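Novice: Sharing a structure with you now.
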Amino acid sequence: MLIGHYSISSILLFAVLVAVCLIVDLKAHKADEVISAKSAAKWTLFWVVLSLGFAGYIWYTHGFADFTKFISGYFLEKSLSVDNLFVMMAIFAAFSVRDEYQHRVLYYGIIGAIVLRLVFIATGNSLILLFGPYALTAFGLFVLWSAWKMWRAMHSEHEEIVDYTNHWSVRMTKRIMPVRPRLDGHNFFAKAGGKWAATPLFLCLIAIEVADVMFAFDSVPAIIAITEDPFLVYTSNIFAILGLRSMYFCLAAGKRYLIHLEKAVIVILVYIGLKMLANVAFSYHIPPLLSLAVVLGLLAAGVLASFVFPARPEEE
């Protein structure tokens with residue numbers, strides 16, 4: 001149970017706090033529009049301040065030891081979730097999802113992650129031992145494939161997908177459920193032939209959820225190594241991923257203005273995919289701080305290259 005030595009009031013406070021903030025977030029972004037860098041930065045700061053405020057509550061009610069465990073878990077999850085940002089970008093590129101629909105997909109993706117992380121933590125290491133190697137291998141190959149797709153897209157004319165009939169996700173999914181091979185605004189389901197069917201946007205949402213589960217294979221055991229208290233593991237995990245969407249939109253906004261950042265993202269995806277495969281094939285686990293340093297270094301190289309080698313007028 002998600003109680004440990006924490007009271008029902010602490011659990012309710014956490015649940016109400018997260019629910020209220022998600023409702024406020026939904027109200028603030030109810031229109032389908034591109035998230036600006038300024039808005040993304042403000043929301044990133046909001047989620048960080050909220051997380052630190054909850055950490056202060058834990059210190060006040062349960063002491064400094066629990067506070068340090070929560071903060072350690074929070075920042076560890078933040079650093080491990082950086083990889084997830086780039087996979088999100090690759091998934092949106094693979095589904096050709098327009099910028100104005102991405103917040104809606106990630107919003108419901110976070111709600112799904114809140115439930116799935118609870119299940120993941122409740123099942124403990126048994127799920128990791130049962131599916132870990134196979135899941136990480138498949139996902140590592142998917143990340144490498146996504147990097148290749150992004151590289152191909154960079155060197156071809158970008159065309160918005162209108163008909164998804166031949167899209168790989170539609171071909172796979174229509175065997176088990178009805179699929180409408182066209183977008184219907186921001187809707188996840190629409191009527192096709194008089195029956196309700198999933199839209200490509202819903203298939204993208206499922207891919208985002210699968211990505212979150214794959215990264216939970218790596219991050220949840222790392223946090224459990226810091227503390228086995230289920231309340232601290234879950235709350236630090238959730239507060240970390242709540243701010244992930246805003247961080248993603250900061251990255252996406254930067255990609256629109258920094259012309260070489262997408263190349264850095266592709267290299268990062270290759271690194272993430274190879275890191276996952278190395279973990280399975282050779283049991284070689286790259287330390288989180290080293291991995292974070294590699295990702296941030298590649299990002300910095302992409303930003304610097306965008307300033308040193310800006311686009312020529314005919315390329316803009």
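The values are calculated or read from the model by the stated rules, or taken from the named source; none is laboratory data. All figures in this text were calculated on a predicted structure; none of them were measured in a lab. Ideal geometry is used to build each Cβ from the backbone, glycine not excepted, and the neighbour counts take in all protein chains shown.
Novice: Are any residues in region 222-250 over 30 Å from Tyr101 (Cα atoms) and in a helix (DSSP H, G or I), and if so, which ones?
Specialist: Matches in region 222-250: Ala222, Ile223, Ile224, Ala225, Ile226, Pro230, Phe231, Leu232, Val233.
Novice: Next question, about the same structure. Quick one: is Thr199 over 19 Å from Ala55 (Cα atoms), of a type in the set (S, T, N, Q), modelled with pLDDT of 80 or more and surrounded by 22 or more Cβ atoms within 10 Å (Cβ to Cβ)?
Specialist: So Thr199 fits the description; yes.
Residue-wise test of (1) over 24 Å from Lys78 (Cβ atoms); (2) small (Gly, Ala, Ser); (3) without any contact (Cβ under 8 Å) to a residue 60 or more places away in the chain.
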residue	(1), (2), (3)
Cys250	no, no, no
Gly254	no, yes, no
His260	yes, no, yes
Ser291	no, yes, no
Val295	no, no, no
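Novice: Please find, among Val87, Val82, Val105, Val97, the residue that is outside any helix (DSSP H, G or I) and on the phi < 0 side of the Ramachandran plot.
Specialist: From the options Val87, Val82, Val105, Val97, the qualifying one is Val97.
Novice: I've got another one for you. Can you work out which of the residues in region 69-99 that are among the acidic types (Asp, Glu) and more than 11 Å from the chain's Cα centre (by Cα) is surrounded by the fewest Cβ atoms within 10 Å (Cβ to Cβ)?
Specialist: Asp99
Novice: State whether one or more residues within region 48-60 are surrounded by fewer than 12 Cβ atoms within 10 Å (Cβ to Cβ) and farther than 30 Å from Glu228 by Cβ.
Specialist: no
Novice: Any idea which of (1) more than 20 Å from the chain's Cα centre (by Cα); (2) part of a helix (DSSP H, G or I); (3) of a type outside the set (D, E, K, R) is the one Ser283 doesn't satisfy?
Specialist: (2)
Novice: Continuing with this model, one more query. Going by the conditions given, is Tyr134 assigned to a helix (DSSP H, G or I), at pLDDT 75 or above, among the aromatic types (Phe, Trp, Tyr) and out of contact with any strand residue (DSSP E or B) (no Cβ under 6 Å at 6 or more places or on another chain)?
Specialist: When the stated conditions are applied, Tyr134 does not pass them.
Novice: Would it be correct to say that Ser306 is under 17 Å from Val82 (Cα atoms), among the polar types (S, T, N, Q) and part of a helix (DSSP H, G or I)?
Specialist: Considered against the rule, which asks whether it is under 17 Å from Val82 (Cα atoms), among the polar types (S, T, N, Q) and part of a helix (DSSP H, G or I), Ser306 comes out as no.
Novice: Would you call Ala40 touching a Lys or Arg at 6+ places or on another chain (Cβ under 9 Å), in a helix (DSSP H, G or I), surrounded by 15 or more Cβ atoms within 10 Å (Cβ to Cβ) and not basic (Lys, Arg)?
Specialist: yes
Novice: Quick check: anything in region 268-276 in a helix (DSSP H, G or I), surrounded by fewer than 21 Cβ atoms within 10 Å (Cβ to Cβ) and modelled with pLDDT under 80?
Specialist: The answer is no, given that none of the residues of region 268-276 is in a helix (DSSP H, G or I), surrounded by fewer than 21 Cβ atoms within 10 Å (Cβ to Cβ) and modelled with pLDDT under 80.
Novice: Tell me, yes or no, whether region 176-185 has at least one residue that is in contact (Cβ under 8 Å) with a residue 60 or more places away in the chain, in a loop (DSSP other than H, G, I, E, B) and surrounded by fewer than 16 Cβ atoms within 10 Å (Cβ to Cβ).
Specialist: Yes, because at least one residue in region 176-185 is in contact (Cβ under 8 Å) with a residue 60 or more places away in the chain, in a loop (DSSP other than H, G, I, E, B) and surrounded by fewer than 16 Cβ atoms within 10 Å (Cβ to Cβ).
Novice: While we're here: Scan region 200-220 and give yes if some residue there is among the aromatic types (Phe, Trp, Tyr) and without any contact (Cβ under 8 Å) to a residue 40 or more places away in the chain, otherwise no.
Specialist: yes
Novice: In region 188-241, how many residues are farther than 14 Å from Lys78 by Cβ, out of contact with any Lys or Arg (no Cβ under 9 Å at 6 or more places or on another chain) and among the charged types (D, E, K, R)?
Specialist: Of the residues in region 188-241, 3 are farther than 14 Å from Lys78 by Cβ, out of contact with any Lys or Arg (no Cβ under 9 Å at 6 or more places or on another chain) and among the charged types (D, E, K, R).
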